[in-house]
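Below: the structure, in structure tokens.
Please treat every number below as a calculation from the coordinates, not as lab data. What you see is a predicted model; the values in this text were computed from it and never measured. Glycine gets a Cβ as well: all are built from the backbone with ideal geometry, and neighbour counts include every protein chain shown.
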Amino acid sequence: MGNSAGRSGSRWRRLSAEVRARHDTCWLCGMAIDYTLEYPHPDSFTVDHKKSWIGHPELREDPANLAACHARCNRSKGKGEATLGLGLLSEQW
């Protein structure tokens, strides 16, 4: 399968729209997403697979495996599994 496999077609567009409509924060960094920004802006909305669809092809279009994500965070994660952080500090300690 190509790089866009599992991320095209009417079913994917519907699933992506459902994730977008929730206006969740980024599941990787925990920060707000500016839903007015257009992709490929680094802070724009993308849909991410919580469990890699390469390692878990059966979850490729499972709504429970999809989450809102910044484009920047999604790119940083790459194709592997996520390493969740704590987000940004409210102040320096």
Exercise for the section: Starting from the Cα of residue 34, move 7 Å in the Cα-to-Cβ direction to define the label point; list residues of segment 54-79 whose amide nitrogen is under 17 Å from there. Expected result: 69-74
Fill in the blank from the handout: Taking 0.36 nm per residue of separation between residue 24 and residue 41 and subtracting their Cα-Cα distance, the length gained on full extension comes to 4.4 nm
Completion exercise
Each label sits 7 Å from Cα toward the beta-carbon; between residue 12 and residue 75 the label points are separated, in nm, by 1.9
Problem - Charge-dipole axis of segment 9-77 as Lys and Arg at +1 and Asp and Glu at -1 on Cβ define it, positive-most pick from 9, 40, 73 - result: 9
Handout entry: Karplus (6.51, -1.76, 1.60) ³J(HN,Hα), θ = phi - 60°, over segment 35-48, in Hz, Gly and Pro reported as x
Key = 6, 8, 6, 9, 5, x, 3, x, 9, 6, 6, 9, 9, 10
Completion exercise
Counted neighbours (other Cβ, 10 Å), sorted fewest up, put 33, 54 in the order 54, 33
Problem - Net charge contributed by nearby residues that have their C-beta within less than 13 Å of residue 35 (K/R +1, D/E -1) - result: -2
